[in-house]
Amino acid sequence: MSKTYIKCPNCATENINNDYCSNCGTILNVVLKRKLAREKTMKTRIEKQSAEKPSKLGAFLKRGEEHSNILIRGFFKVSYAIWYFFAVILGGLIAAIIAAAAG
Ligand SMILES: [Zn+2]
């Protein structure tokens, strides 16, 4: 592998094959930087997702109800009703089972 000289955009230190600047610690590896950014975005998304229930699927189905095609709209309406039914019923069931198991 060839040596890669990367000039730190933060402090202008020359680094050789470094992912991080030896002087100030700035990320120099663009691929790594993107990867970290992506992981961060993913983490925030997951946190946001678990914070806001009912789920993404429910929101997706709800959005589909406003589709311009009546057949698709109908399909989404039924799907949403089914999803809602299961979310409520299963949610209640699971809560009941947990309660029964606990005490
Ligand atoms: Zn630096």
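Descriptive notes on the structure:
- Kirkwood's formula applied to the C-alpha pairs of region 53-103 gives a hydrodynamic radius of 12.1 angstrom.
- Plainly put, the chain has a radius of gyration that is 1.33 times its Kirkwood radius, both from alpha-carbon atoms, as the Rg/Rh ratio.
- Applying a threshold of 26 Å to the alpha-carbon distances of Lys35/Lys56; Lys40/Lys62; Lys3/Lys43 flags Lys40/Lys62; Lys3/Lys43 as lying beyond it.
- Cα long-axis angle, helix 30-51 against the chain (0 to 90 degrees, to the nearest 10): 20 degrees
- Range of Cα positions in region 1-52 per principal axis (Å), largest first: 46, 25, 12
- Residue order, fewest to most beta carbons within 10 Å, for Arg73, Arg38: Arg38, Arg73
- Computed over region 10-70: relative contact order in percent, which uses C-alpha pairs under 8 Å that are six or more apart: 15 percent
- Theoretical FRET efficiency, 1/(1+(r/R0)^6), r = Cβ-Cβ of Arg38 and Ala102, R0 30 Å, to 0.05: 0.15
- Residue among Ala12, Ala87, Ala51 with the largest mean-square fluctuation in a Gaussian network model of the chain, springs linking Cα atoms under 10 Å: Ala12
Rule-based calculations on the coordinates, nothing more; no lab input. Keep in mind that what you see is a predicted model, and the values were worked out from it rather than measured. Counting neighbours? That spans all protein chains shown, and the Cβs are built from the backbone with ideal geometry, glycine included.
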